[in-house]
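Below is one structure; the comments refer to it alone.
The values are calculated or read from the model by the stated rules, or taken from the named source; none is laboratory data. Source: prediction; values computed, not measured. Glycine also receives a Cβ, built like all others from the backbone with ideal geometry; neighbour counts cover every protein chain displayed.
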Amino acid sequence: MAATLCAKLLPKQGWLPLSVSVRHGSKAVTRHRRPQHILKQKLLAVTEYIPPKRDAPPDAYPPKTKREQECTGLMLLIKEDLKKVFQDNKMIAVVQNNNSNAEDMLILRHRLHKHGITVKFFPNQVMRLFLSDSIYGSMAPLFIGPTVLFVSKEPKVREMLSTLRVSPHMTLLGACIDNTLLSVQGVVGYSKLPSMTVVQGELVSGLTMLTSHTVSVLQRHPGHLSALLQQYIKQQSPEAASEAKTESAT
């Protein structure tokens with residue numbers, strides 16, 4: 001029986017199958033991304049969302065309030081006073097008032113008045129309106145909360161800082177000195193600079209030293225030349241020649 005099965009299953013010699021399956025190598029099929037239409041590309045580029053750029057953090061400046069209310073006569077009068085203050089004074093310091101009483105403020109005003117510094121009070125609303133229409137608009141973030149102004153016709157920075165050291169309720173926020181906005185560190189650095197009279201004295205002394213040195217340099221060569229010429233004339237004189245001969249003979 002086994003022989004019969006083997007004879008049936010095994011192919012006979014010279015026998016060929018009716019169909020032969022030939023296996024070929026499979027082709028690599030990759031799905032390529034179809035290019036988008038040019039109109040679709042333009043539409044996507046036009047409708048792409050571009051977020052707005054922020055120049056400064058949102059909390060850096062106070063929120064912009066709508067000017068629906070017109071300026072009253074009192075506000076216009078205060079703005080004119082502010083304009084005169086900024087025109088007539090070279091030092092305008094912004095100081096925060098941290099709950100100081102009337103007695104402390106009176107003592108502070110008396111100390112500052114000795115150095116020619118005046119204390120001014122202006123509402124923050126009017127101050128912001130004035131600064132928004134002037135070249136001092138960068139000072140607007142300083143006027144938040146209770147603030148006062150220390151103004152003087154000349155920059156008395158050292159005197160102001162020495163007075164603020166003994167007033168713990170007053171904090172310096174910034175200052176505008178000679179039309180230049182300075183931070184607290186800038187004000188401290190400005191106070192360490194020498195005064196104008198000292199700088200002028202050093203400049204004059206330096207120029208005088210340079211001119212004296214120049215004059216001495218210019219006079220040195222002509223004086224040396226004249227001394228050499230005088231010595232040469234003495235040597236060429238007959239008396240000098242005779243003395244030289246006697247010295248050589250002896």
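Structural remarks
- Positions within the stretch 187-196 being of a type outside the set (Gly, Ala, Ser) and at pLDDT 75 or above, in sequence order: 187, 188, 190, 192, 193
- Single match in 117, 177, 144 (criterion: closer than 21 Å to residue 195 by Cα and in contact with a Pro (Cβ under 7 Å, 6 or more places away or on another chain)): 177
Each row is one residue, and each column tells you yes or no for (1) closer than 20 Å to residue 111 by Cα; (2) of a type in the set (Ser, Thr, Tyr); (3) modelled with pLDDT of 90 or more; (4) under 21 Å from the mean Cα position of the chain (by Cα).
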residue	(1), (2), (3), (4)
142	no, no, no, yes
146	no, no, no, no
153	yes, no, yes, no
167	yes, yes, no, no
176	no, no, yes, yes
